[in-house]
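Q: Quick one: the structure is below, questions incoming.
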Amino acid sequence: AAFAAAIASAAAFSAPGPLTLRASAKEVTGVAKVAAAGAAILAAGPAFAGDVDAGEKVFNANCAACHAGGQNSVVPDHTLEKAAIEKFLTGGFNEKAVITQVTNGKNAMPAFGGRLSDDDIANVASFVISKSEEGWE
């Protein structure tokens, strides 16, 4: 349907005259399979701005002292569990809010902006959101 709409839309900007679209059933089926595969990939899981694996390394080297296993050794109810992030983190449960918190710090948490690169901060934010989604071990 989307393909036909795109063709019809394109036809509106074409030179006058009849437009005939000819595609075999095999070609249409092939396009549908490609579209379905693309949708399956997109639905498979969240896309992260940063590199989750690299973020784990940054987390272990810089954050685990206070946040091992997604906990918080300084303010115990402000964990990195999804529900706590949704409740306490300014901006809610998303990478952008984690990036802001890590960069600027807040209350007992020190700022890591200037100590970590922007890429490292984005990577650790992706790791935190990923682990919070799947559950810390």
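Q: Please list, or write none, the aspartates and glutamates whose alpha carbon is within less than 18 Å of the alpha carbon of Lys82, excluding same-chain residues fewer than 8 places away.
A: Qualifying aspartates and glutamates at Cα under 18 Å: Glu56, Glu95, Glu133, Glu134, Glu137.
Q: Which whole-number percent gives the relative contact order of region 52-134, counting Cα pairs below 8 Å spaced six or more residues apart?
A: Values: 97 pairs, mean separation 30.8, N = 83.
Across region 52-134, relative contact order equals 37 percent.
Q: Report the rotationally averaged projected area of region 52-134 based on its alpha-carbon convex hull, in square nanometres. Before the final figure, lay out each step's value.
A: Working: hull surface 18.4 nm².
Result: a mean projected hull area of 4.6 nm².
Q: Here's something else I'd like to know. If packing is taken as the average number of other Cβ atoms within 10 Å across a peptide's residues, how do 92-100, 75-83 rank, most packed first?
A: Values: 92-100: 17.9, 75-83: 15.0.
So the peptides 92-100, 75-83, ranked by packing, come out 92-100, 75-83.
Every read-out reported here was derived from the displayed coordinates using simple, explicitly stated rules and does not represent laboratory data. Owing to the predicted nature of the structure, the values given are computational and were not obtained by experimental measurement. Using ideal geometry, Cβ is built from the backbone for each residue, glycine included, and neighbour counts are taken over all protein chains shown.
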